[in-house]
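See structure below.
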Amino acid sequence: MFLSVFDMFKVGVGPSSSHTMGPMIAAGRFLDLLRASPFQPTGLRASLHGSLAFTGIGHATDRATILGLAGFNPETYDAQAADDALAAIQSGKTLSPKGLPVMRFDPAQDLIFDYDHPLPGHANGMVLMATDDQGDVVLQETYYSIGGGFVVTDAEQSRAALQEIKAAAHHPFPFDKAAKMLEMARKSGKNIAEMKRANELAYGASATLDAGLRRLWDVMNACIDRGLSCGGILPGGLQVKRRAHGIHQQLLAQQGLNMIAPHTITDWMSVYAMAVNEENAAGGQVVTAPTNGAAGVIPAVIRYWLDHVPGATSKRIPEFLLTAAAIGGLIKHNASISGAEAGCQAEIGSAAAMAAAGLTAVLGGTPEQVENAAEIALEHHLGLTCDPIKGLVQVPCIERNGLGAVKAVTAASLALRGDGSHLVPLDACIKTMFETGKDMSERYKETSLGGLAVNVPNC
């Protein structure tokens with residue numbers, strides 16, 4: 001199994017990695033398919049299924065799909081250019097992506113929300129179609145947005161296991177379980193970040209890896225700063241007030257005063273996370289960590305460490321990110337990071353496990369303590385549902401990132417108080433999370449058909 005740190009952490013756009021970034025990426029892939037095909041289509045059509053249909057409008061899936069078909073991608077997304085393009089598409093009812101002819105596309109007719117026919121491969125399914133002059137489909141492809149900005153087709157899903165087996169032969173530490181990871185660490189004398197780095201260098205240069213890691217933290221940190229500086233109301237109709245700025249101002253005003261309650265430190269952790277997820281809810285630039293809905297946990301824990309823990313240094317951020325990515329890769333490979341597939345335990349729970357592991361590593365923890373910290377954090381998110389009110393990544397999502405960060409720090413602290421030995425292995429916890437997700441009612445898996453999404457009045 002090999003999932004790069006740049007697979008687990010992707011620079012993208014809010015509010016959702018599975019519902020915004022994924023559909024935009026899928027649309028871009030479909031354009032590439034059209035460019036390579038002999039057909040000369042004159043129209044495009046898109047059909048959204050499962051969770052993409054139920055919460056698509058709240059997650060901006062409609063907007064992302066249209067922009068993807070117009071040639072936009074998350075990595076280079078320009079908000080003003082996107083708004084201008086959407087206005088032109090709405091009025092002209094055509095799309096003209098680079099390298100393809102002008103094609104008919106009426107968003108009101110050609111973007112279909114199919115609530116009744118979920119696709120078999122994943123809860124987040126979409127079908128993209130190219131049509132001829134008569135409206136007949138000449139080319140189509142089914143895509144699944146499987147969380148964290150990962151997109152696969154039907155054919156790619158069936159080839160995934162073979163590809164992972166082949167990939168394992170090309171990197172020096174092919175661990176696909178936490179137990180195997182710990183065994184390799186003991187035999188090699190390397191820590192988890194060192195093994196992960198060696199795996200990354202089997203596919204690219206050291207300078208490229210280091211530059212990429214620096215950029216990830218730069219984007220994360222800039223997102224925190226933007227969120228701390230912005231007030232106002234979040235879009236979407238719930239009239240949710242951005243709170244991070246106000247809380248941050250209160251915390252700054254209290255600095256240096258006597259008799260500050262010790263638990264105030266948890267407010268700092270929460271406000272960093274909330275800043276990121278308010279930016280995400282507003283459609284700003286974030287880093288999937290491992291998803292957009294959980295994007296605040298890891299940056300918040302890193303910022304907490306840098307700003308509040310003696311001896312912290314930004315030079316060790318790569319160690320944090322590489323360790324976190326190793327744990328995230330285990331969870332994605334053996335379970336899921338998708339709220340639509342396994343509930344919010346797969347998003348916030350995974351992010352907390354990754355953050356706890358990274359923090360334990362930079363605080364001097366052994367590989368066994370890192371694994372213990374990840375297990376503690378994930379274990380205490382088991383059963384967490386995904387029930388966003390009105391399908392928006394706002395309530396309970398924003399505060400939930402703050403609580404995920406606090407749990408991650410607590411898990412790291414507990415693990416560092418021990419010697420790494422513990423009753424429940426991380427592998428067992430990951431398996432339990434996935435089984436719990438499979439047993440969970442679809443009403444609680446990013447469909448907004450249950451929980452807070454239906455029990456809060458006037459929403």
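Considering each residue of the stretch 34-42 in turn, at least one proves to be assigned to a helix (DSSP H, G or I) and either outside the structural domain of Gln394 (by TED's automatic domain parsing) or of a type outside the set (Val, Ile, Thr) (or both). Across the stretch 117-131, which residue is surrounded by the most Cβ atoms within 10 Å (Cβ to Cβ) among those that are touching a His at 6+ places or on another chain (Cβ under 8 Å) and under 22 Å from Met440 (Cα atoms)? My answer is Asn124.
Okay, residues lined up against (1) crowded, with 24+ Cβ neighbours inside 10 Å; (2) outside the structural domain of Pro299 (by TED's automatic domain parsing); (3) more than 29 Å from Thr447 (Cβ to Cβ):
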site: Glu347; (1), (2), (3): yes, no, no
site: Gln369; (1), (2), (3): yes, no, yes
site: Ala374; (1), (2), (3): yes, no, no
site: Asp387; (1), (2), (3): yes, no, no
site: Pro396; (1), (2), (3): no, no, no
site: Glu399; (1), (2), (3): no, no, no
site: Val406; (1), (2), (3): no, no, no
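For Arg417, the conditions (1) without any contact (Cβ under 8 Å) to a residue 40 or more places away in the chain; (2) closer than 21 Å to Ala273 by Cα are fulfilled apart from (2).
Out of the stretch 183-209, which residues are surrounded by 13 or more Cβ atoms within 10 Å (Cβ to Cβ) and either touching a Gly at 6+ places or on another chain (Cβ under 8 Å) or charged (D, E, K, R) (or both)? Result: Glu183, Lys190, Glu194, Lys196, Arg197, Glu200. Residue check: is Thr291 within 26 Å of Phe150 (Cβ to Cβ), modelled with pLDDT of 95 or more and in the same structural domain as Gly364 (by TED's automatic domain parsing)? For Thr291, the condition - within 26 Å of Phe150 (Cβ to Cβ), modelled with pLDDT of 95 or more and in the same structural domain as Gly364 (by TED's automatic domain parsing) - is met.
Output yes when any residue across the stretch 63-79 is out of contact with any Gly (no Cβ under 8 Å at 6 or more places or on another chain), crowded, with 19+ Cβ neighbours inside 10 Å, free of Cβ contacts under 8 Å to residues at least 60 places away in the same chain and not hydrophobic (A, V, I, L, M, F, W, C), and no when none is. For the stretch 63-79, residues out of contact with any Gly (no Cβ under 8 Å at 6 or more places or on another chain), crowded, with 19+ Cβ neighbours inside 10 Å, free of Cβ contacts under 8 Å to residues at least 60 places away in the same chain and not hydrophobic (A, V, I, L, M, F, W, C): present.
Test Asn280 against the criterion of being within 24 Å of Ile146 (Cα to Cα), in a helix (DSSP H, G or I) and among the polar types (S, T, N, Q), and give yes or no. Yes; evaluated as a whole, the condition is true for this residue. Only one of the numbered conditions (1) surrounded by 20 or more Cβ atoms within 10 Å (Cβ to Cβ); (2) free of Cβ contacts under 8 Å to residues at least 60 places away in the same chain is violated by Ala36, and that is (1).
Checked against (1) within 18 Å of Thr360 (Cβ to Cβ); (2) in a helix (DSSP H, G or I); (3) without any contact (Cβ under 8 Å) to a residue 40 or more places away in the chain, Ala253 meets all criteria but (1). Restricting the first member to the stretch 350-363 and to residues that are touching a residue at least 24 places away in the same chain (Cβ under 8 Å), and the second to residues that are among the basic types (Lys, Arg) and in a helix (DSSP H, G or I), the beta-carbon pairs closer than 9 Å and six or more apart or on different chains are Ser350/Lys332; Ala352/Lys407; Ala355/Lys407; Ala356/Lys407; Ala361/Arg316; Val362/Arg316. One residue stands out among those in the stretch 214-251 that are under 17 Å from Gly402 (Cβ atoms) and among the aliphatic types (A, V, I, L, M): the one that is farthest from the chain's Cα centre (by Cα), which is Leu251. Quick check: anything in the stretch 285-305 farther than 30 Å from Glu446 by Cβ, surrounded by fewer than 18 Cβ atoms within 10 Å (Cβ to Cβ), of a type outside the set (S, T, N, Q) and more than 21 Å from the chain's Cα centre (by Cα)? Within the stretch 285-305 (the criterion being farther than 30 Å from Glu446 by Cβ, surrounded by fewer than 18 Cβ atoms within 10 Å (Cβ to Cβ), of a type outside the set (S, T, N, Q) and more than 21 Å from the chain's Cα centre (by Cα)), the answer is no, since none of the residues qualifies. Every condition in (1) outside any helix (DSSP H, G or I); (2) crowded, with 19+ Cβ neighbours inside 10 Å is met by Thr323 except one, and the failing one is (1).
The values are calculated or read from the model by the stated rules, or taken from the named source; none is laboratory data. Keep in mind that this is a model prediction, so the values were computed, not measured. When we count neighbours, we look across all protein chains shown, and the Cβ atoms used for this are built from the backbone with ideal geometry, even at glycine.
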